[in-house]
Amino acid sequence: MGPTLDILSQLGNGFLYTILLFVITLVLSIPLGMIIYLLAKSKFKPLSYLFKGIIWVIRGTPLMLQILLVSFLPMLLFNAMNKEIASFFNITISQLLFVFVSIAFVFNYACYFAEIYRAGFESINKGQYEAAKVLNLTKSETFFKIILPQVIKRIVPPMSNEVITLVKDTSLAQILGVVELLSSANHAVNQYVVLTPLLYAGAFYLIFTFILTVLLTKLEKKLSYYEV
Amino acid sequence: MSYFEIKNLTKKYGDQIVLDDLSMEMNKGEISVIIGESGNGKTTLLRCLNGLTDINSGFVIIDGKEIDCSKNNNFGLIFQNFNLFPQYTVLENITIPLMSMYKRSLNKLSFTKKQKVLKSKQQECNTISFELLEKIGLKDKANNYPFELSGGQCQRVAIARALALKPSILCFDEPTSALDPKTTIEISKLIKELKQEGYTVLIITHDISFAKDVADKVYFLKKGKVLDNGNVEEILINPKNEDIKNFLGSNNKES
């Protein structure tokens, strides 16, 4: 196998982890963000303050710091070594580290999404709730049929922004040794003493974000059949 | 005995009394118009009747039966800015509350049976909605979205949507505030047609010429009380009350 093919296959391996982290983060943080948003606006004040505080801390500190902290949590909380945890769950250390990274990503993005949801819900005219009430719609009908579709339409552009940012943020996973796209490129640079792997990695990111942009623009167009 | 009675209705926001022991009566099939300056409780009264805000004390009686406004099954409300659901077509705006009504009536059935009945009901809802759209003259707009309609057309859809649930009393909040003079005349005509069909209508407005056109009975609200009431002649043309004279005077100067 020539060096170029070898480099590309290494990058491909890294890219799989990038995509895996990307998908896990989105799939879990989109609903978790909704839960955090609902808890943060809870009428029970202590709960509301707690979750507003969590949003403040997570948005106010670097994601890399959060990844590192999560990886030390088992030690801080249970005085357990990562090796013990991994053997307890019957997974390898590198799989465990990937789980730590995922946890940090999911919570970080959920907090950003919670704030986007908040903006979305607060932008809905109070009259829509009142019309639903006067027409005797149930609470769940009001939420799922009337309010949520309008919220989704409004939050697609800011959500797209976060989704694109997430693609690039995945490179932070290498702080715990996860060999994602950028770190696999970096390894190849050291191994072959050429710079091309970095260019290839850049191209991978660009193509990935390009595809996402196209898909998200399509979604936006699909929702533009009406005006609010 | 009157068809619709409000007895000693009081509504406070904190210490501020918005509706002060207010009482009024309306007959079936009449158009009643409430006028008065802003901040005297007109909109609050409509919001209380439609269950959008709780009342502090008092009764609301329709056809001899006391009703609980917070459950709102008796009033239809056409909002000042219509509040149509933007993501749904004109037809869907009417069928959604209808379907919701049917769904609630089926609560006791099992899920699969419910789905079966609802499927057949969807057809029925569409038929009812089309009939309503025909009545308001917008059948050809059934598949348009609210943003594609003019203000007057949106209002007609809002009326059809409210009528779908067969309310005992139809309430309008400032129906002419967003309309041009020609559309205002059309709406007056439509409201009078609804009266012919037996609907009881309650309207809140600042628009005196519109009130003169449609009202059977006029109420003048001041500081949360009905200061005076009577027919158009008694209240809007030759009022005896100084406050009403002042109100009409300043209203004429504005227009």
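Please treat every number below as a calculation from the coordinates, not as lab data. This is a predicted model, so every value here is computed, not measured. Heads up, the Cβs are rebuilt from the backbone with ideal geometry, glycines too, and the neighbour counts pull from every protein chain shown.
Report the per residue volume, in Å³, of the convex hull enclosing the C-alpha atoms of the stretch B:4-150.
173 Å³
Within straight cross-link reach of A:Lys126, meaning Cα distance under 18 Å, which aspartates and glutamates are found once same-chain residues fewer than 8 apart are removed?
A:Glu141, A:Glu227, B:Asp54, B:Asp173, B:Glu174
Given Cβ point charges of +1 (Lys, Arg) and -1 (Asp, Glu) and nothing else, what value in debye, to the nearest 20, does the dipole of the stretch B:34-134 about its Cα centre take? Numbers along the way, then the final one.
On the way: 12 positive and 9 negative charges, 145 e Å.
Once rounded to the nearest 20, the dipole reads 700 debye.
Tell me which residues come under 5 Å, amide H to amide H, from B:Asp228 once H is placed; ignore anything under 5 positions away on its chain.
So B:Asp228 has HN proximity to B:Phe220.
Place a point 7 Å from Cα of A:Leu195 in the direction of its Cβ. Which residues in the stretch A:163-183 have their backbone N less than 20 Å from it?
A:182-183
Normalised radius of gyration for the protein assembly as shown, please: alpha carbon Rg relative to 2.2 N^0.38 Å, two decimal places.
1.34
Find the Rg to Rh ratio for the stretch B:139-255, where Rh is the Kirkwood radius over alpha-carbon pairs and Rg uses the same atoms.
Reported Rg/Rh, Kirkwood definition of Rh: 1.01.
Would you work out which of A:Ser29, B:Leu77, B:Gln155 lies farthest towards the positive end of the dipole of the protein assembly as shown? Charges go on Cβ: Lys and Arg +1, Asp and Glu -1.
A:Ser29
Using the reciprocal of the averaged 1/r over all distinct C-alpha pairs, how large is the Kirkwood radius of the stretch B:59-110 in Å?
13.7 Å
My understanding is that a pair violates if its Cα-Cα distance is over 30 Å; which of A:Lys45/B:Lys114; A:Lys133/B:Lys141; A:Lys222/B:Lys119; A:Lys41/B:Lys7; A:Lys45/B:Lys71 do that in this structure?
Violating the 30 Å Cα-Cα cut-off are A:Lys45/B:Lys114; A:Lys41/B:Lys7.
If I take the Cα coordinates of the stretch A:125-205 and project them onto the principal axes, what are the three extents in Å, biggest first?
71, 22, 14
Residue by residue through the stretch B:43-51, which ³J(HN,Hα) values in whole Hz follow from phi under the Karplus form 6.51 cos²θ - 1.76 cosθ + 1.60 (θ = phi - 60°), with glycine and proline marked x?
Taking θ as phi minus 60°, the curve returns 5, 4, 4, 4, 5, 5, 4, 8, x Hz for the stretch B:43-51.
Calculate the dipole size of the protein assembly as shown relative to its Cα centre from +1 charges on Lys and Arg beta carbons and -1 charges on Asp and Glu beta carbons; express the result in debye to the nearest 20.
Computed charge dipole of the protein assembly as shown: roughly 1040 debye.
Sorting A:Phe51, B:Phe220 on the 10 Å Cβ count, fewest up front, what's the list?
With the sparsest Cβ surroundings first, the list reads A:Phe51, B:Phe220.
Suppose we keep just the alpha-carbon trace of chain B; what are its Rg and Dmax in angstrom?
19.2, 65
Looking at A:Asn90, A:Phe113, A:Ser123, which one has the Cα that reaches farthest to the positive end of the dipole of chain A (charges on Cβ: Lys, Arg +1; Asp, Glu -1)?
Value computed over the given set: A:Ser123.
Please compute, over every Cα-Cα pair in the stretch A:31-162, the percentage with a separation greater than 23 angstrom. Spell out each step's value before the answer.
Working: 4255 of 8646 pairs.
Cα-Cα pairs of the stretch A:31-162 separated by over 23 Å account for 49 percent.
May I ask which of B:Lys28/B:Lys245; B:Lys12/B:Lys166; B:Lys189/B:Lys217 have a Cα-Cα span longer than 21 Å here?
Numbers: B:Lys28/B:Lys245 29 Å; B:Lys12/B:Lys166 30 Å; B:Lys189/B:Lys217 17 Å.
Violating the 21 Å limit, Cα to Cα: B:Lys28/B:Lys245; B:Lys12/B:Lys166.
For the stretch B:173-242, what is the convex hull volume of its Cα atoms per residue in Å³?
98 Å³
Any chance you could tell me what percent of the C-alpha pair distances in chain A go past 28 Å?
44 percent
With only Lys, Arg, Asp and Glu charged, each at its Cβ (+1 for the first two, -1 for the last two), find how big the charge dipole of the stretch B:90-217 is about the Cα centre; round to the nearest 20 debye.
My answer is approximately 940 debye.
Filter the GluC sites (Glu not before Pro) in the stretch B:169-206 to those in DSSP coil with at most 13 other Cβ atoms within 10 Å of their Cβ, and list the result.
Those that pass, being in a loop and sparsely packed, are B:Glu197.
Under a no-solvent Debye model with one identical scatterer per Cα of the stretch A:168-223, what's log10 I(q)/I(0) at q = 0.25, 0.31 Å⁻¹?
Taken in order of the listed q values, log10 I(q)/I(0) reads -0.94, -1.13.
List the residue ranges in chain A for DSSP H helices whose C-alpha atoms run 27 angstrom or more along the long axis and whose Kyte-Doolittle average is -0.5 or above. It would help to have the intermediate numbers written out before the result.
Numbers: long enough: A:3-40 (53 Å, 1.72); A:93-122 (44 Å, 1.19); A:148-169 (29 Å, 0.33); A:196-222 (39 Å, 1.08).
Going by DSSP H runs, the hits are A:3-40, A:93-122, A:148-169, A:196-222.
Using θ = phi - 60° and the Karplus form 6.51 cos²θ - 1.76 cosθ + 1.60, what ³J(HN,Hα) does each residue of the stretch B:148-163 get, whole Hz, x for Gly and Pro?
Listing the rounded values in order: 8, 9, 7, x, x, 5, 4, 4, 4, 5, 4, 5, 4, 4, 5, 5 Hz.
Amide H to amide H under 5 Å from B:Ile78: which residues, 5+ apart in sequence or cross-chain, H placed 1.01 Å off N in plane?
Under 5 Å from the amide H of B:Ile78: B:Cys171, B:Phe172, B:Asp173.
Can you work out the Karplus-derived ³J(HN,Hα) for every residue in the stretch B:74-85? Use 6.51 cos²θ - 1.76 cosθ + 1.60 with θ = phi - 60°, whole Hz, and x for glycine or proline.
The phi angles translate into 10, 10, x, 10, 9, 6, 4, 9, 6, 6, 5, 8 Hz.
I'd like the antiparallel share, as a percent to the nearest 5, of DSSP beta bridges with both residues in chain B.
The antiparallel fraction comes to roughly 55 percent.
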